[in-house]
1. Once the dipole of the protein assembly as shown is set up with Lys and Arg at +1 and Asp and Glu at -1 on Cβ about the Cα centre, which of A:221, B:335, B:270 lies farthest towards its positive end?
2. Using DSSP to define loop residues, name the chymotrypsin sites (Phe, Trp or Tyr not before Pro) in the stretch C:222-328 whose beta-carbon has at most 14 other beta-carbon atoms within 10 Å.
3. What trypsin sites (Lys or Arg not before Pro) does the stretch A:144-185 have in DSSP loop regions with at most 15 other beta carbons within 10 Å?
4. Please go through the stretch C:27-119 and write out the GluC sites (Glu not before Pro) that DSSP classes as loop and that have at most 11 other C-beta atoms within 10 Å.
5. From zero outward in steps of 10 Å, how is the percent of C-alpha pairs of the stretch C:3-187 spread across the bins?
6. For chain C, find the longest principal axis of its Cα atoms and tell me its angle to the long axis of helix C:124-133, 0 to 90°, nearest 10.
7. Farthest toward the dipole's positive end in the stretch C:3-187, which of C:166, C:105, C:23, given Cβ charges of +1 (Lys, Arg) and -1 (Asp, Glu) about the Cα centre?
8. Partner chain Cβ atoms within 10 Å, averaged over the residues of B:19-29 - can you pull that number for me?
Amino acid sequence: MNDMSRVERTVDSKDIKIAAKNVQVYYGDTHAIKDVDVEIEDKTVTAFIGPSGCGKSTFLRCLNRMNDTIDICRVKGDILLDGEDIYDKRVDPVQLRAKVGMVFQKPNPFPKSIYDNVAYGPRIHGLAKNKAELDEIVEKSLRRGAIWDEVKDRLDAPGTGLSGGQQQRLCIARAVATAPEVLLMDEPCSALDPIATAQVEELIDELRERYSVVIVTHSMQQAARVSQKTAFFHLGNLVEFGETGQIFTNPVDPRTESYITGRIG
Amino acid sequence: MTDISQTPGAAPTAKPKSGSLFEKDARTKRRNAAESRFKMYGIAAIGIGLLMLIVLVTNIVTAGTGAFQQTYLELDVDLKADKLDKKGNRNIEDIKKVSTFGYAPLIASALESEVAKLGIQTDLSAKDMGKILSKAAQAELRNYVIANPDEIGKTVSFRFLTNSRVDGYMKGRVTRDSIANDKSISVEQLDFVDQLRDAGVLYKAFNPDFILGADASDQRPEAAGIGVSMLGSLFMMFVVLALALPIGVAASIYLEEFAPQNRLTDIIEVNISNLAAVPSIVFGILGLAVFINYMHLPTSAPLVGGLVLTLMTLPTIIISTRASLKAVPPSIRDAALGVGASKMQAVFHHVLPLAAPGILTGTIIGLAQALGETAPLLLIGMVGFIASNPPDGIVAGFLSPNSAMPAQIYEWSKRADPAFYERAWGGIIILLIFLVTMNTIAVILRRRFERRW
Amino acid sequence: MALSWLLLILLALAVIGYFAGRSRSLASVGGDTRDLHSLPSYYGYNVALTALVPALGVLIIWLLVQPMIVNSTVSGLIPDQAIPEGSDRGLVMSEVRRVAYGLEGAVTSGAMTETQAQDGSADIETLTKTLKDSGQVLTQDITQPILVAAQKFRSMTSTGKVAMQVVVLALALLGAAFAYVRTHKEFRARNVVEQGVLALLLLAASIAILTTVGIVLSMLFETMNFFQLHSWKDFFFGSTWAPNFRGGSELSILPLLWGTLYISVIALLVAVPIGLFAAIYLSEYASGATRSIAKPLLEILAGIPTIVYGLFALLTVGPALVSMFGHGGTLGISWMASSNAVLTAGLVMGIMLIPFVSSLSDDIINAVPQSMRDGSLGLGATHSETVRSVILPAALPGIVGAVLLAASRAIGETMIVVMAAGAIAKFSGNPFEAMTTITTRIVSQLTGDTDFASPETLVAFALGLTLFIITLGLNIFALYIVRKYREQYE
């Protein structure tokens, strides 16, 4: 990287929340992620972009150990959250996932009421001492999910009855309710229409004030709109990582340039 | 802050907001304990299920293998011509006039001379000594003489079945303590049995008659076999196969390929899935009311049993056939239709052959289910019938009264003499061998011909 | 002419028809098959099917209807005074049939001439003697009305048989001739044959409906007969089951229903927790290898015939329970008198139902979308929390359906209860006592020497109908729930 960017980074630099070093991921015999180094800052939106099958979702799922649920998946290298290796054997993935929340591609509200959907996390992690506190957490989370006004009168209605965009914001509220430090979003808008997408993007921008957000997206426009940092993945390699503006206007690597200009992907 | 960012790439030192990941808080420990408990419940549930399977199989094997062995006594019988053929002209009709009772003295004297030859000391009378043999021994001797009248006058070596108590004693089921109140055998007789066993003339051996032979009356458990009821089952399976397979396949083809989306089709479909869950005893009532009381088909006949089992198996076959027809991709049908075949030709020339392995698998599984079914057979009289003679000829095989394997097992389990229980378990081993074989064939067929589209 | 000969002739006709039709079609185009509308074999099939199908259809209907007509006609010939005290028309009719078959047998074996057999004023004693000597089975003494009725029965049956043969053969010939004449190159043989085959396929599919109709009708008629002889109030609302073949029986279903439900509940208490936890473990925790071994092994339990479970209960579990809970048992309590008990039957039935519950629940749990699990795990829930608070509630309707199906199985199960539950009908809460069930009573009322006119026998049909309705209701409800559940996630 050149001197310019170093200067720029010094200006508005933040704490590094997650640091990944030499991360390798294998699916059985397939080497899905090759030697990835990346640093994710606090209170920043980091976007992972790249063509289908480039490993960006796989890498995202490494960050809260969701890959543990897949038998044939092996992860090597170090991923440090606040300086602690999350793959250390002392770490309980359950505790980790409370700190590193996740929102999925398809809105997946539980077949429960809106209230219970949001209260689920606080209940299992024991975040509320009593009903009043729980109510407060639910309201606060729904407000942060920018959906409070739409659902405040029907908290007992099933979450599955909401529209797609509302469901996704409910899922974000649900993730926020466990008081995470990092929010991982795996193509959160790919199942939504443009209006709902715009609402969710706006929400992501607000979330940046409190959380470190990592978003995987297919849409370069989206990455450009919501993120401050962008990482470009290609065939399991992290090709380029830097300021979003720099990646989109002045990519260093020719592969990044080809992707952004639509020649690969 | 700034000094950190000036050395990018260095390990971040920012402190976590909440506690360290390396320390599990109390709540997490509790939750993890609950997690392992929950997992244990699952393992325990599977363990109980498998344990039950093991107990069941072990029980069947230990209790049933005895039925394949029987205790025999070897005797040289002098077929005295003056007793068996008084006129001396070897006329078979005259020989037949000697009843089984007339053969008793021959066996008694053969036993006496055997005892004398072996030098066995016993206080038993000749009659009591003879009681260790099965009541079937005389009949066996008579059948032999009638079949070989030329042997009269000679001394022939025989292997007679012993009484079921003696057999039980040899197998450890009967002990000196357990016979305290038993009138059919005494401790002296058991001592005598020990002596004969030590002399090597009384021994256990494989008993082919259990597998191939006929059922015997209440008094002679040692002579009972499952062979005739096996034939009954076989004839029933012929009926089931001949009716259920074509009807089931035809019905499935109609429903899967031709049926219009209308009320009738809906009714048929709901009907089939419900028939599959109707208790089997209800099919027995149907068989009794329709086939026997109304149509006056013969009671206890394998034909009627087969018809009842056909109706019972049809839903199973239809459901599996439809699944295999559904698995043939529509592109095959389109391809056939595209070259100008009619829909019927597309189905019969292309879809049906491709679905055949699946249909066959389903049919075998349906047959296996029918083979083990007992309840409907109770009502059409296949239990309680003593299958003492094999059917003569194929028509009789379908129409004359017979039992079936599971019905025979149930019949044995109801009898008073515990010696029959060993027979029942043994029968179950044979029945299960059939079922395991059929299911294995089905699994192999499925593996061998399974196609992934 | 025996039925088998008739069938053989029909088949032969069809085969000849096939070849005749085929060659006629070829002849009509001078051997050039391209000018034919359909392939030549279709013309053959057309002739064969037109000959065979209507003839066979008439044959089957005739065989079903003729006994009905003959029976009702002959039964009308028997004067009321000819029916002995304590008997009824049905019993006399079966005697009439026996005599008729006896006469037939005697004529066939040459013990009697045709004229003797038809002689209505024959001497009863000599006739009886002739019949017995020729090895025919007679259970009662023949009386004059019975003889007359039997002769009428015999003549009607044989006339009917001849008429049937004539009609069936004529129909086959006519059909063959009709189709043969129509065979021409313009004739759309394939379409006609395919229409015919389609009709046959539809017929096969309708057998399922016919079976259900048969089940319902056969039980309904006898049940109505039963309610004419016995009060329906006692059957549905009485409190005692005490059949007495000398009359004055109390036949109430309630004690039987109690026994049935009690045993089923015990079976479900065993099968549902074990089956459900096994399914959860297999679908959520087990590795592929464990699953591929444990699942088929468990399913073996479902493939074992019920007679085996019956024997297991009767000879192994029952005695084992008695040796624990019985007099002088290991627990030192004498709660259990005999190995026939509700507990014995319930436990063994529960074992039988484990794989039934587990494989149904396994399917249902697997139908819950993976995104639900991801959502919950992503929030930091443990696997068991995910199962308990997300997957099970989501799968609940399906699991309820599975349990209902298992309950319907338990209620209709026969062999285990026949062998291990006992024969005493009573209301009791003690699981160590013997009780009886609906299926057990159906078996015992319908086996042995049964007189189909007594309420003690007919009650079995009323029990059967009730059982059918209960299980059908449960099944329809359960299948509806399961179907709705599946649609939700499709």
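Computed from the coordinates by the stated procedures, all read-outs in this text should not be read as laboratory data. The structure presented is a predicted model; accordingly, all values stated were derived computationally and were not measured. Note that each Cβ is placed from the backbone with ideal geometry, even for glycine, and that neighbours are counted across all protein chains shown.
1. A:221
2. Hits after loop and neighbour filter: C:245.
3. The qualifying sites are A:152, A:154.
4. C:85
5. All Cα pairs, binned at 10 Å, distribute as 9, 27, 21, 15, 12, 10, 5, 1 percent.
6. With rounding to tens, the tilt is 70 degrees.
7. C:23
8. 6
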